[in-house]
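Each remark here refers to the structure printed beneath this line.
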Amino acid sequence: MTGPTPLAGTAAIVTGASAGLGEIMARGLAGAGCAVLIAARRVDRLRAVADAITEEGGRVVAHPADLRDPGHARDLVDAAVAEFGRLDGVVLNAATATVAPAEAEDPAAFADVMAVNVSAQAALAGAAARVMIDAGRGGWMVLMSSILGRKAATGPGVAAYVASKIAVEGLTRELARQWAPHGIRVNALAPGYFPTEMNAPMTADPGRREALLARTPMGRSGEPADLTGPLLFLASDASRFVTGHTLPVDGGMSCW
Ligand SMILES: NC(=O)c1ccc[n+]([C@@H]2O[C@H](COP(=O)([O-])OP(=O)(O)OC[C@H]3O[C@@H](n4cnc5c(N)ncnc54)[C@H](OP(=O)(O)O)[C@@H]3O)[C@@H](O)[C@H]2O)c1
């Protein structure tokens, strides 16, 4: 990475950018000079994030979308190219989870988690790759795994989520293999514990939060800058010979 804006002149899509880690990553990319199309379902939250990025001097367009909509992948890619004239990167971040003992899990709810966390990621990656291959400039993709893509959970049952995140890591390797000849690098981040809406119900119990921190050798939860650095590494030429890799960003949680 060179200079304060290593991604100047490039453009990317960030899904799940109305909250949590998606918002952090959209702001991080915009701060590095990358124009961002941000997507999620909640229009008001998406617009608030877009306003914040604009105030910080970034270039952004908000595009409401539900990843369950089969047309979302094509729509997002078309909108990014129409707005910015190019597409260099995609952060495949949006995800959902169910919390249930596996023996009581509703199969339809399990399938919905796989549809949002895996099938929709593959669809958007494919739509983005078609544009990148045609443009001939290569590109980058960052998928979102989790510590739970590598280790069993320690709290309530999250079987669908765990299965989906392991699938994301396999998808990362296979997409990387297929698109390497086109100069498209595909990697994933595997966060540990970052306090967000997704895990708020589970960590409302202080004992549960303490247990998560006890599993983290660095002894604290993740902060925005902890994620932005690894993302910018994977999105920039600093990682130009890195593809098919999942990078834990977990304060050492995966050491155990
Ligand atoms: N937080 C952590 O500690 C942690 C740890 C490991 C991995 N991760 C991973 O990091 C990513 C972000 O997690 P987070 O903690 O930031 O979660 P979050 O706060 O719950 O945010 C999830 C985002 O995904 C969007 N989303 C969910 N379903 C969607 C759908 N059907 N269509 C479009 N957008 C949808 C949500 O926006 P709308 O509701 O507005 O649609 C929201 O912006 C996920 O892939 C998660 O698995 C997080």
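What follows draws every value from the coordinates through simple rules; no lab data is involved. Predicted, not measured: the structure shown is a model, and the values here were computed from it. Here the Cβ is made from the backbone with ideal geometry for all residues, glycine too, and neighbour counts use every protein chain on show.
Proximity of backbone amide H atoms, modeled 1.01 Å from N, is registered between residue 93 and 15 at under 5 Å, excluding neighbours fewer than 5 places apart on the same chain. Tell me whether the stretch 88-231 comes out rounded, prolate or oblate; compute the Cα gyration tensor, take square roots of the eigenvalues as a ≥ b ≥ c, and use a/c under 1.5 as the rounded threshold. Since a/c reaches 1.5 but b/c is at least a/b, the shape of the stretch 88-231 is classed as oblate. Quick one: angle between helix 20-31 and the longest Cα principal axis of the chain, in degrees between 0 and 90, rounded to 10, please. In the chain, helix 20-31 runs at an angle near 30 degrees to the longest axis.
Full extension of the chain between residue 45 and residue 102 yields a length gain of 17.3 nm, computed as 0.36 nm times the residue separation minus the alpha carbon distance. Cα convex hull, the chain: 122 Å³ per residue, rounded to a whole number.
Stretching residue 55 away from residue 225 to a fully extended chain increases their span by 59.3 nm, per 0.36 nm per residue minus the current alpha-carbon distance. For the stretch 1-48, applying the loop criterion from DSSP together with a ceiling of 14 other beta carbons within 10 Å to the trypsin sites (Lys or Arg not before Pro) yields 42. Modelled spin labels at residue 5 and residue 78, positioned 7 Å past Cα toward Cβ, are 3.1 nm from each other. Rounded, prolate or oblate: which fits the stretch 216-256, taking a ≥ b ≥ c as square roots of the Cα gyration tensor eigenvalues, rounded meaning a/c under 1.5, else prolate when a/b beats b/c? Verdict is oblate for the stretch 216-256. Projecting label points 7 angstrom from Cα along Cα→Cβ for residue 180 and residue 68 puts them 3.8 nm apart. Dividing the summed -39500 (n - 2.57) terms of all DSSP H runs of n ≥ 4 by the residue count of the chain sets its mean residue ellipticity at 222 nm at -13000 deg cm²/dmol.
Using the Karplus relation 6.51 cos²θ - 1.76 cosθ + 1.60 with θ = phi - 60°, the per-residue 3J(HN,Hα) values for the stretch 42-48 come to 7, 5, 5, 5, 5, 5, 5 Hz, with x marking Gly and Pro.
Using Cβ point charges alone (K and R +1, D and E -1), the dipole size of the chain about the Cα centre works out to roughly 560 debye.
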